[in-house]
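The values are calculated or read from the model by the stated rules, or taken from the named source; none is laboratory data. A quick note: this is a predicted structure, and the numbers were derived from the prediction, not measured. Cβ placement follows ideal geometry from the backbone for every residue including glycine, while neighbour counts extend to all protein chains displayed.
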Amino acid sequence: MADLKSFDLFVPPELSVSDEIFHLFSELINITSGIKLDERKKGLLTSRLAKRLKKFGIQSFSEYYKKVKSDNQELVEMLNCISTNTTKFFREQYHFEYLKSKVIPDVIEIKSREKAVRIWSAGCSTGEEPYSIAIAVHEAMGGISGWNMKMLATDISTKALDTAHSGIYEYEELPDDTPLPLLGSYFLRGTGEHAGMIKVKDFVRDMIRFRRLNLKEREYPFAKTFDIIFCRNVMIYFDEHMKRHVLSMFHRHLSDNGYLFLGHSETMIGNEKFKPVYITVYKKSDI
Ligand SMILES: C[S@@+](CC[C@H](N)C(=O)[O-])C[C@H]1O[C@@H](n2cnc3c(N)ncnc32)[C@H](O)[C@@H]1O
């Protein structure tokens, strides 16, 4: 029997990344996005960027590194490839129950004179999160007429934002237990060549503005604060410095009575300016 040690994967030698080049990429990615890639992510970087090398007929990662350094558009494309966009409708269901039963009634009461509410989904990926929020808000309020309801959804990935903006998904992406009336109220069913797809209804899509925003920016372009901020399963990709930056920016851009939702495995890393009010949901503390 042949010795298994003499077999290896079909990775062309020019498409392997040396430690030195990996270090250059991970440093560049960290500086531009706050995303932390340790040595264990070398395979991920290689496989995700290989298609960009192929597109340009570039023979090595060092050559591609030079291109990314000198071409801002390619830097954006590289970050599109590197970002992990895993998401789903009504992910962490308990957050949507809390949003409907506690947060929205509370915010509506606080804003009963102004009748204006601002919500931000930061790191919205392909849109399932902001659409789930919009649907939950609509359900909780029994419609939004008479209210100036502004929702912003941002991400670093222009590719994810394109999908988000289209509002078109595989039917299978909806949770199995999605009630039929809810489905009928907020989605259209694909027919013909779009069989098996669903489309978010226009009135839901029109509630949301999708924009590219890199959370690494020193300043965020908002003149007014948000009543509710969702930033779930985004900070897990960041280093400590970036986590602190993002949390301090959320503190600045959240209304005094506002709510901040983080992902199930994300913490406040000792930030005392927020106090927990529910499972990974926070309000500003009084200190
Ligand atoms: C795993 S998804 C989370 C999506 C959604 N919030 C959820 O919980 O289902 C993480 C998202 O964070 C985005 N992201 C990563 N780094 C970012 C940055 N520096 N600025 C803005 N978005 C970033 C990624 O592009 C990706 O779409």
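Give me a count of the residues in the range 213-242 that are over 16 Å from N30 (Cα atoms) and touching a His at 6+ places or on another chain (Cβ under 9 Å). Residues meeting the conditions: 9. Checking S185, S248, S255 one by one, the residue that is surrounded by 19 or more Cβ atoms within 10 Å (Cβ to Cβ) and small (G, A, S) is S255 and no other.
Restricting attention to the range 58-106, the residues being touching a residue at least 60 places away in the same chain (Cβ under 8 Å) and of a type in the set (G, A, S) number 1.
Annotation: of all residues in the range 13-47 being more than 16 Å from the ligand (Cβ to nearest atom) and of a type in the set (K, R), the one that is nearest to C81 (Cα to Cα) is K42.
Residues of the range 23-70 that are under 23 Å from K243 (Cα atoms), surrounded by 11 or more Cβ atoms within 10 Å (Cβ to Cβ) and out of contact with any Phe, Trp or Tyr (no Cβ under 7 Å at 6 or more places or on another chain): H23, S26, E27, L28, I29, N30, T32, S33, L37, K41, L44.
Only residues that are within 15 Å of the chain's Cα centre (by Cα) and farther than 18 Å from R118 by Cβ were counted across the range 138-154, and they come to 0. Restricting the range 156-182 to residues that are under 15 Å from N80 (Cβ atoms) and not polar (S, T, N, Q), the residue that is surrounded by the fewest Cβ atoms within 10 Å (Cβ to Cβ) is D162. Taking first residues from the range 120-149 that are within 16 Å of the ligand (Cβ to nearest atom) and partners that are among the acidic types (D, E) and outside any strand (DSSP E or B), the Cβ contacts under 8 Å between residues at least 6 apart in sequence or on separate chains come to S121/E129; E128/E173.
Comparison of I236, I228 shows that the only residue that is outside the structural domain of V76 (by TED's automatic domain parsing), β-branched (V, I, T), assigned to a strand (DSSP E or B) and surrounded by 12 or more Cβ atoms within 10 Å (Cβ to Cβ) is I228. Note on the range 203-222: among residues that are touching a residue at least 24 places away in the same chain (Cβ under 8 Å) and away from the ligand (no atom under 14 Å from the Cβ), the one that is surrounded by the fewest Cβ atoms within 10 Å (Cβ to Cβ) is R209. Any idea which of (1) touching a strand residue (DSSP E or B) at 6+ places or on another chain (Cβ under 9 Å); (2) outside any loop (DSSP other than H, G, I, E, B) is the one S125 doesn't satisfy? Unmet condition: (2).
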